[in-house]
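Enquirer: Below you'll find the structure I mean.
The values are calculated or read from the model by the stated rules, or taken from the named source; none is laboratory data. As the structure is a prediction and not an experimental result, all values here were calculated from the model. Note that we place each Cβ from the backbone using ideal geometry, even for glycine, and neighbour counts take in every protein chain shown. Just so you know, the surface numbers come from the protein's heavy atoms only, side chains and all, with ligands and any DNA or RNA stripped out. Shrake-Rupley method; radii C 1.70, N 1.55, O 1.52, S 1.80 Å.
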Amino acid sequence: MARPAKNSNATLAQGGTVVGSTFEDTGKTKSAAKTAATVVLAVSLPHGLKFDDVPCSDGGTKTIVFPGLNDDLRSKREGILLGKGNAIAFKIDKADWENILKMHGKEAAFTGVNGGLPCIIPMKDEKEFKSRTDELKEINHGVNPVDPDKVGVQETKNV
């Protein structure tokens, strides 16, 4: 069963490589060789998701950690939580992706909740990820920051 990652880092995810994001508008993505043996995923999870039951070629299992949008805030006192409409482009081996889908493909992260988009969407490559940013803005992982103005929070003044 998939469970939240304990010590993952968005830039050092296990089993794959972060190759871009919707929240860093640098105009550049990390170059990664395009092969038929890899797949690019748009990942919009609030925190990392760890799969420790992915079969490997030697008959054992390995761990794949999908990066979370807010993993870089772990153990920090301050920071900005990324909510709805953000995603990370994550490149993973195609065989690992297919194995994860076989075992966990019916879980909410892959199917979506209440008719919403799933939090993990396969893409052809990094170019498709960049070209679908408008569609990715509709992804809602459900753990969004609260806007104080919309919920009636009023500032108090120290007297």
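Enquirer: What pairs come up if the first residue lies in segment 9-25 and is modelled with pLDDT of 65 or more and outside any loop (DSSP other than H, G, I, E, B), the second is among the basic types (Lys, Arg) and surrounded by fewer than 18 Cβ atoms within 10 Å (Cβ to Cβ), and their beta carbons are under 6 Å apart, counting only those six or more places apart or on different chains?
Expert: VAL19/LYS30
Enquirer: Just checking, does segment 132-147 include any residue being exposed (fewer than 13 other Cβ atoms within 10 Å of the Cβ) and basic (Lys, Arg)?
Expert: There is no residue in segment 132-147 that is exposed (fewer than 13 other Cβ atoms within 10 Å of the Cβ) and basic (Lys, Arg).
Enquirer: Going through segment 39-68 one residue at a time, which ones are touching an Asp or Glu at 6+ places or on another chain (Cβ under 6 Å) and among the polar types (S, T, N, Q)?
Expert: Correct list: THR61, THR63.
Enquirer: Next question. Hey, can you tell me all the residues within segment 33-79 that are open to solvent by 60 Å² or more (accessible area, probe 1.4 Å), under 30 Å from LYS137 (Cβ atoms) and out of contact with any strand residue (DSSP E or B) (no Cβ under 8 Å at 6 or more places or on another chain)?
Expert: Once the filter is applied, which keeps residues that are open to solvent by 60 Å² or more (accessible area, probe 1.4 Å), under 30 Å from LYS137 (Cβ atoms) and out of contact with any strand residue (DSSP E or B) (no Cβ under 8 Å at 6 or more places or on another chain), segment 33-79 yields ALA33, LYS34, THR35, ALA36, ASP72, ARG74, SER75, LYS76, ARG77, GLU78.
Enquirer: In segment 83-123, what count of residues is obtained for those that are surrounded by fewer than 16 Cβ atoms within 10 Å (Cβ to Cβ) and among the β-branched types (Val, Ile, Thr)?
Expert: The number of residues fulfilling the criteria is 2.
Enquirer: If you don't mind, another one. Might you let me know whether segment 139-147 holds any residue that is closer than 23 Å to ASP52 by Cα and at pLDDT below 85?
Expert: Yes, some residue in segment 139-147 is closer than 23 Å to ASP52 by Cα and at pLDDT below 85.
Enquirer: Moving on. Here are some residues: ASN99, ASN86. Which one is of a type in the set (S, T, N, Q) and farther than 17 Å from LYS50 by Cβ?
Expert: Going through ASN99, ASN86 in turn, the sole match is ASN86.
Enquirer: Something else: Give segment 40-87 a look and list any residue that's on the phi > 0 side of the Ramachandran plot and in contact (Cβ under 8 Å) with a residue 24 or more places away in the chain, or say none.
Expert: GLY85, the sole residue that qualifies.
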